[in-house]
Amino acid sequence: MDLSLERIEALLAHLPQYTLPTVHIAGTNGKGSVASFVASILQASGFKVGRFNSPHLISVLDSVNIDGEPVALDLYNDARRAVEDTDSELHMGATSFELLTATALMLFQSAKLDVVVLEVGMGGRTDATNAVSNECILVSALTAVDLDHQKFLGSAVGEIARQKAGIARKGRPFVIGPQKYPDVIVSARAVVEEVGAELVCAGPAVTRAWDEAMMDSPAEATTTTNTTSSSLFHHPPVARPVSLSLPCFPDHVNTQLPLHGDHQLDNLGVAASIISSLLTHDSPSTRRLPFRRKITPSTIAAGVRSTSWAGRLSFHDVPLSKLRPLSGSGTAEEEAGESLVVLVDGAHNPASASALASYISHLLTSTSIADGAELSLTFIVALSHSPPKTPLQTLSSLLSFKRPTGVKINVNVAPLEFTPVEGMPWVHPVPSSEIREVIKDIDRDISLWIPGEGEQVNVANALLWAHGEQRERGGKGLVCLAGSLYLVGDFYRL
């Protein structure tokens, strides 16, 4: 890794010029969710939209999204080959992420999109995505900033914020979301003033009561399933009714928030402020597209409702009959339709792990559980080696969930290592043995998965072990797979 704009700017100068109107988003946590909200709203408003996110989940194609779908493999390969040939011919030595960024921009340009939503890879000021010209940028945004990647961005949140706020552009709106640390606001404001951007402070979306006249009331939204689940949940929690305040409209925009967790209220608030900036800020960039004619309260509401963001507090119903063949065993009962509900989240640093723990606390305290009941809570975890961040910091935050009174919670952990990441050979997992020792130091009462002789250490067998723990410990519970988006990718490939 070598954060610099020199190579990417030189490379882009020898490729077809990128000229598309662009929304640029940085932050430690939440930038992918915000990008998904913004892209979904723009699509619902009738625009042809590209979205660039990293890292990918299942394959590198996930990073380059056109109108809600990953780019086709043949198109990606053709563009990637052209980028790599140019890099090789000119001896530029572009990094893997710079090559990916250049490929994405080339694909978006050739698709003749209306607008692109661009997520920063790391930091902001020297990130490859920041090579996009000022003329293209419609609005920049900064989501929640916390400690992560200190080796590259600085040891304090103020330093990190300065790096991330470096995507601000002169004369353009710079939306900053709710922040945990006051130093982030101070540092970002200073950068915005230096650059000459326009600071916009976003507030969170606000939850509201259900309107029983709405088609998507709780009774309508609840779905049934034909499987028997040994979980706290027979179906995922429904979307929450929320209200958005946008200065461009006289009335609040009411909609339903499909992404789970209170932090998504902040993320949706940032997305709403980005959309509002597109409608209220007058510049040559915003005048290029009919935002004011096509973006309406109804298209915003529809876009929010249809937003999806895989691997972020996502619930999945996993049929055990699909897992059993991988371990060479099975029962007629399981083959008849028994399943396991798994909560999947890419929480990979102390801040996002705390958000996940908070959500689990909410689930445990808001779900109807009989007094004296016994539950099994199983975590399937893998971590990326990324000093100075330590496994202890992330795992301590993850295991800080609040236990409901009168209920016995049996906590289990299956330590794993994610498989090699396509196109990212520098990414390495923390050894599962190290995770196991850290868990013992945190709480020796936690039950740890120790695979049997000859048993493969993989996601499938960890899920089967989690199911067995729920049965042995009294029945119902919750399985949560977290710690790394690369582990989430292994889950989705399975």
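The values are calculated or read from the model by the stated rules, or taken from the named source; none is laboratory data. Quick caveat: nothing in here was measured; it's all calculated off a predicted structure. Cβ sites come from the backbone with ideal geometry, for glycine too, and all protein chains shown count toward neighbours. Ligands, DNA and RNA are excluded from the accessible area calculation, which covers all protein heavy atoms including side chains. Shrake-Rupley method; radii C 1.70, N 1.55, O 1.52, S 1.80 Å.
For the reader, a short list of remarks on this structure follows.
- The one condition in (1) modelled with pLDDT under 95; (2) closer than 30 Å to Thr207 by Cα; (3) part of a helix (DSSP H, G or I); (4) among the aliphatic types (A, V, I, L, M) that Val342 fails to fulfil: (3)
- Here segment 172-182 is the region considered, the condition is being of a type outside the set (Phe, Trp, Tyr) and crowded, with 17+ Cβ neighbours inside 10 Å, and the residue that is farthest from the chain's Cα centre (by Cα) is Arg172.
- When Gly468 is tested against (1) more than 18 Å from Ser376 (Cβ to Cβ); (2) modelled with pLDDT under 95; (3) part of a helix (DSSP H, G or I), just one condition goes unmet, and that condition is (1).
- In summary, Asp62 fulfils each of the numbered conditions (1) open to solvent by 40 Å² or more (accessible area, probe 1.4 Å); (2) touching a helix residue (DSSP H, G or I) at 6+ places or on another chain (Cβ under 9 Å); (3) at pLDDT 95 or above with the single exception of condition (3).
Matching residues to (1) part of a loop (DSSP other than H, G, I, E, B); (2) at pLDDT 95 or above; (3) on the phi < 0 side of the Ramachandran plot:
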position: Thr103; (1), (2), (3): no, yes, yes
position: Leu113; (1), (2), (3): yes, yes, yes
position: Phe152; (1), (2), (3): no, no, yes
position: Glu159; (1), (2), (3): no, no, yes
position: Gly166; (1), (2), (3): no, no, yes
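- Extreme residue, nearest to Pro350 (Cα to Cα), among residues of segment 410-440 that are touching an Asp or Glu at 6+ places or on another chain (Cβ under 8 Å) and either in a helix (DSSP H, G or I) or open to solvent by 20 Å² or more (accessible area, probe 1.4 Å) (or both): Pro429
- Residue selected from segment 361-374 under the condition within 28 Å of the chain's Cα centre (by Cα) and not in a loop (DSSP other than H, G, I, E, B), by the criterion modelled with the lowest pLDDT: Ser366
- Residue under evaluation Thr405, criteria (1) within 30 Å of Ser96 (Cα to Cα); (2) modelled with pLDDT under 90; (3) not aromatic (Phe, Trp, Tyr), criterion not met: (1)
- Considering residues of segment 78-93 that are modelled with pLDDT under 95 and among the hydrophobic types (A, V, I, L, M, F, W, C) only, the residue farthest from Leu5 (Cα to Cα): Leu90
Here's the yes/no breakdown for (1) among the hydroxyl-bearing types (Ser, Thr, Tyr); (2) within 18 Å of Leu481 (Cβ to Cβ):
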site	(1), (2)
Pro415	no, yes
Thr419	yes, yes
Asp441	no, no
Ser447	yes, yes
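One line per residue, one yes/no per condition, for (1) at pLDDT below 95; (2) within 30 Å of Glu198 (Cα to Cα):
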residue: Leu278; (1), (2): no, yes
residue: Leu289; (1), (2): yes, yes
residue: Gly303; (1), (2): no, yes
residue: Ala310; (1), (2): yes, no
residue: Ser327; (1), (2): yes, no
